[in-house]
Each structure stands twice: as C-alpha cells, then as structure tokens.
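Here's the structure, in structure tokens; my notes come after.
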Amino acid sequence: MQREQILTHGDFDGIVSAALVGLWTGIDFVFFTGPENLRRNQIGERDIVCDLPHPAVECRAWFDHHPSNIEEAAEMEWSVGEGAAVDAPSAARVIFEHLKDRVEFPPFMAETVEATDRVDTMDYETIDDWLAETPENILNNTIFLSGEDMQQARRYMWRLIEMIQTQPLDEIADNPAVLERYHRSQEHARRASETIKQSGRLIAGGQICLLDFSDMKVAPRFSKNLAYTVYPEAAAVLQIMPVLQGGRKTNDLRLSISLNPFIKQAVAGHDMAEIMEQLDLGGGHPAAAGGKIAARSKDERLQLKENVVSDIERLWRKQADA
C-alpha cells in the first residue's frame, strides 16, 4: 500500500501549508515539488496537494490560491475533494480558513498564517521592510542555500515543518541552527548583488530588469527581488533560467517575472499572469508568474528566447497603454 503523502511547493507558503495539513491529518511524509513537475509524480487517492496546480487525478484534498490554477480546475471539472481552492493571499490562508473550525490549531498559528500572507504577496512598503530581520523574513531566507543539494534542503524543510507545528515563528527564528543558515543566506545575498550588477540589464524602456542565466550550466539561485537593490527604478524583474534534468542542462528554459512590490503605483495595471497566459507559457498571480519554453536544440532555444523577451516587452507596453 502506497504511503500517504502531502505534496507541496518548496517555498515558505508550501512549508506552512504542509504544517497545517499535517496537523489536520497526521500525515508526516511531505514531498516537495514544483508546478512543472507535479504531474510527473505518482499521486494516490489519499494524497493531499498544496500550493500547486491540481494534480489532474483524484486525490484526498487539493488546496490552492492561484487564480489560473483554480480556473483550469473549474474548466476541467476537477474535484478539490476535502480541500478548497479560492483566490487568497496564500495557500496557507486557504487551508487555515477551511479547517480552523474543525482542527484545534495552536493559538499562535493565526499569526503564522498572517506572516505567510505577507511573505507570499510581498506585502512590504519598502525594500528595507523586505530586508528587515523579522521572524518570517529570517525563516524565508533559510529555505534554500547556495551550494546545498536537494536532500539537505529537504531535510531542513521537514524539520521546519515540525517546528512550525509546535512553535511561534519568533521562537523558531531564534533557533541557533536557523540563525546559522540565515547568516549564510545573507552572505549569499551579498554575492548575488554582485552577480546582478554583472549580468542584469534593463529592457522595455528601462521598465524591466532582465536577468538571463540561460547559458549557464548551473544558474545562480537567489530572490529576484534583490535586483531592486541594484535597479530600484525597475518596475519588474524577468529571470530566465536553464532547466536541468538528471543534473544535466537541457534546451528548455524556465521563466519567472514579478512586479516591483515597492513601487505599487508605478506597476498598477500590469498583470504578469496575463502575459504568461497570452504567450501560452504558464500562469500565476497578477504580481508574479512563471512559465517554461520547450526547445529541441540550442539554436531553437536562442530564437525562442529572443522571441519571448520581445513578446513580453510588447505585452508590457500594451498593458501600460491600456
């Protein structure tokens, strides 16, 4: 008999979502995956999927908050099972509201979910607020570390889920092991800023910062929002990354684009999910979206990348003129 599992996104929202579902079900096995890879996994009818697209097969529960995923599920008439899928600041919020009358969550969990809302929606007034050493910011910066293999990262995320289930975020942020990871992440952020200075450039009339790492065998991993420490005037960041398979670089590319959360008025009217959907590349939120380019050769990859960047610039300007 297949072991029951929680499949969730490997970010702060996905981790808190898994913690909440674990308190509800008692399931203690969590598998971290991403939107592109979810449906490649074997998913059983007793499994629970969080903060990801619908698995397109029967499962015990599906929880999500991404409008494009919810729309797709409705069109395909896929069931949420015991779960819920509504537009909300975070998947953790969807789960908490859906279960709070049935599950005796710890008293501090409401504050944990509020913090998750802030992290997932980038609800910060200034870049200094985003960089501030608040409990949620500290934890969010510890999830992925440069040079760490996936097994090491997963072990840490599993431990983080256990701590989130039993402790408020301020106590977790004071944990020596967590602080050690946070200090390592800050050193990595300083190096990332240097990479951005070397590799970044402005497109769309200076409105979008392009970070193109598609030619790298191993692309650097850091928050795109660090680009705003170098290009504070940019209204959005577009990042292009190579897709790896079995540890080897393929001809496929992964795109992510997000609006500058620190200049909200300047980006009003822009919808990143709409751009990805119009190009039939992917989806996401109005403020942040992602997609994938599939290519059969290096030449095709270069041409498709050039076309997509040009199309994104065109659609960006179209939205600005609307």
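If one takes the longest principal axis of the Cα atoms in the chain, at what angle in degrees, from 0 to 90 and to the nearest 10, does the Cα axis of helix 67-76 lie? The angle comes out near 70 degrees. Where a ≥ b ≥ c are the square roots of the eigenvalues of the C-alpha gyration tensor, would you call segment 1-72 rounded, which needs a/c under 1.5, or, failing that, prolate if a/b is larger than b/c, or oblate? In terms of gyration-tensor shape, oblate. Counting lysine pairs in segment 193-294 that sit 8 or more residues apart in sequence, or on different chains, and whose Cα atoms lie under 20 Å apart gives 7.
Under Stokes-Einstein, with the Kirkwood radius over Cα pairs as Rh, the value for segment 1-127 at 10 °C and 1.306 mPa s is 109 µm²/s.
Classified by the C-alpha gyration tensor, segment 270-322 has an oblate form. Its axis ratio a/c, with a ≥ b ≥ c, is 1.5 or above, and a/b does not exceed b/c. The accessible surface of segment 1-79, taken with every protein chain in place and a 1.4 Å probe, is 46 percent carbon and sulfur. A Gaussian network model of the chain, with springs between Cα atoms under 10 Å, assigns the largest mean-square fluctuation among 272, 241, 150 to 150.
Using alpha carbon coordinates only, what is the Rg to Rh ratio of segment 165-322, with Rh defined as the Kirkwood radius?
My calculation of the ratio gives 1.02.
Using a Gaussian network model of the chain in which every pair of alpha carbons under 10 angstrom is joined by a spring, one finds that among 209, 59, 50 the greatest mean-square fluctuation is at 59.
The share of Cα pairs per 20 Å bin across the chain, counted from zero up to the longest distance, runs 31, 61, 8 percent.
The values are calculated or read from the model by the stated rules, or taken from the named source; none is laboratory data. From a predicted model like this one, the values you see are computed outputs, not experimental measurements. Accessible surface is based on the protein model in full, side chains and every heavy atom, while ligands, DNA and RNA are left aside. Shrake-Rupley method; radii C 1.70, N 1.55, O 1.52, S 1.80 Å.
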